[in-house]
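Here is the structure we will look at.
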Amino acid sequence: MKRVVITGMGIYSCLGNGLDAVKESLYNGKSGIVFDPERKEMGFRSALTAKIDVPDLKKELSRNQRVYMPEQAKYAYVATAEALRNANLDIDFLEAHEVGLLYGNDSSAQAVMNSIDTMREKKDTTLIGSGGIFQSMNSTVTMNLACIFKLKGMNLTVSGACASGSHAIGLGTLLIRNGLQDIVVCGGAQEVNPYAVGSFDGISAFSTRENDPTKASRPFDRDRDGLVPGGGAATIIIESYESAVRRGAPILAEVCGYGFSSNGDHISVPNVDGPSRSLKMAIKDANINIREIGYVNAHATSTPVGDRNEAKAIYNVFGDYKPEITSTKAMTGHEMWMAGASEVIYSMLMMKNDFIAPNINFENPDEDSAKLNIPAKRIIKHFDTFLSNSFGFGGTNSTLVIKNI
């Protein structure tokens, strides 16, 4: 089996555009959550959301390229351009080699809404426009990135709910280990418009702590009352160790463990068994002693049942060993299809800069989170291995173990 390493990263997040800005926000525990009046006018129970602006790509891409791109594809373009630069991969190399693409995305709601509105109002499908179908498809991110960056290897959207971005990295790792690809562009993207999350609001999934938006997302806290929607995009370049050495690429870390499972249970309520099996599989796959793991980035979205069951799963696996455990969703909200990839980048930035970002708003533990080591303030610490959890509706679970190089 070939070793799989990370050689580039890029991110477009409510914590900042680019790695440097995001690192500063993490270090300072800065939240990206705001109150959006438009959502209240639309009838949302909760008007809370991550603050993120759609990038203007007129100077970078032609109109013919932009017309096929919905909001989340634009985020993904910016993140991927940064990741490719950092990995020393230019367009000439990409055109000459079979570089793969696995990207998490599980909706394109606003593009679908726009097309339907045109059909209903104009009674003429030709007015939808040539870009309508490509913006509306679930695979919109990968089709746009593959065409813009001339990617000629595996080209596939991973649709695994809120574990999509993590599964993309894990599946890319399996391709490289088995010699089917040398390099894979992996990641996840999430649209931030109201149409994408209205149904979540309708089932009371969101926090209603609107009077203080930055304190609304409270993973593991006893007084949590629901998640806050977020989004953007995160891209990670993974490749075989041999390929990275041959190219003289920067080798940042190694993806040494991938675990996955399905709860086989309720469609929206997570259990303890499924996540526990995903954690154990990832640690076994990494072939490391559990005490080598210096930090855990939890999935914890700030929902009552989800956080409780993840805390139980982590305790089941780690027992009396208590590494620092935080959920960066306290600052970002739940970035959904993007989260599994962005949280690897957040954890990488911490690992490379010797700190653990605070689990902000963690003021009162419940009986399950009290058993874990959850710092509410920034910790200065060197660690060389971290574990990242991502779980999704339908009971899909993904866990990654990543080691410093």
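Things to note:
- Filter result for Glu335 (touching a strand residue (DSSP E or B) at 6+ places or on another chain (Cβ under 6 Å), at pLDDT 95 or above, charged (D, E, K, R) and under 15 Å from Thr399 (Cα atoms)): no
- Output for segment 145-175, where each listed residue is assigned to a loop (DSSP other than H, G, I, E, B) and surrounded by fewer than 24 Cβ atoms within 10 Å (Cβ to Cβ): Phe149, Lys150, Leu151, Lys152, Gly153, Met154, Ser159
- Filter result (part of a loop (DSSP other than H, G, I, E, B) and within 27 Å of the chain's Cα centre (by Cα)) within segment 98-124: Glu98, Val99, Asn105, Asp106, Ser107, Ser108
- Considering segment 186-289, the qualifying helices (runs of 4 or more DSSP H), each wholly inside and each with 3 or more residues that are not assigned by TED's automatic domain parsing to the domain that holds Phe383, run over 198-202, 241-247.
- Of all residues in segment 44-67 being over 23 Å from the mean Cα position of the chain (by Cα) and in contact (Cβ under 8 Å) with a residue 60 or more places away in the chain, the one that is surrounded by the most Cβ atoms within 10 Å (Cβ to Cβ): Phe44
- Lys40 being more than 30 Å from Pro375 (Cβ to Cβ), surrounded by fewer than 17 Cβ atoms within 10 Å (Cβ to Cβ) and outside the structural domain of Ala330 (by TED's automatic domain parsing): yes
- Residue that is farthest from Ala330 (Cα to Cα), among those in segment 225-253 that are among the charged types (D, E, K, R) and surrounded by fewer than 24 Cβ atoms within 10 Å (Cβ to Cβ): Arg246
- Residues of segment 330-359 that are surrounded by fewer than 24 Cβ atoms within 10 Å (Cβ to Cβ) and not in a helix (DSSP H, G or I): Asn353, Asp354, Phe355, Pro358.
- Counted residues, segment 362-375 - those being part of a loop (DSSP other than H, G, I, E, B) and either within 12 Å of Asp307 (Cβ to Cβ) or more than 22 Å from the chain's Cα centre (by Cα) (or both): 8
- Of all residues in segment 189-217 being of a type in the set (Val, Ile, Thr) and within 18 Å of Thr328 (Cβ to Cβ), the one that is surrounded by the most Cβ atoms within 10 Å (Cβ to Cβ): Val192
- Residue in segment 392-402 that is out of contact with any Cys (no Cβ under 9 Å at 6 or more places or on another chain), over 26 Å from Ser262 (Cβ atoms) and β-branched (Val, Ile, Thr) present: no
- Meets criteria (among the basic types (Lys, Arg) and farther than 20 Å from Gly160 by Cα) for Lys329: no
- Screening segment 77-103 for residues that are of a type in the set (Phe, Trp, Tyr) and touching a helix residue (DSSP H, G or I) at 6+ places or on another chain (Cβ under 7 Å) and picking the one that is surrounded by the most Cβ atoms within 10 Å (Cβ to Cβ) gives Tyr103.
- Within segment 280-297, the set of residues being under 20 Å from Asn404 (Cβ atoms) and touching a residue at least 60 places away in the same chain (Cβ under 8 Å) comprises Ala282, Ile283, Asp285, Ala286, Ile288, Glu292, Ile293, Gly294, Tyr295, Val296, Asn297.
The values are calculated or read from the model by the stated rules, or taken from the named source; none is laboratory data. Every value quoted in this text rests on a predicted model; they were computed, and no experiment measured them. Using ideal geometry, Cβ is built from the backbone for each residue, glycine included, and neighbour counts are taken over all protein chains shown.
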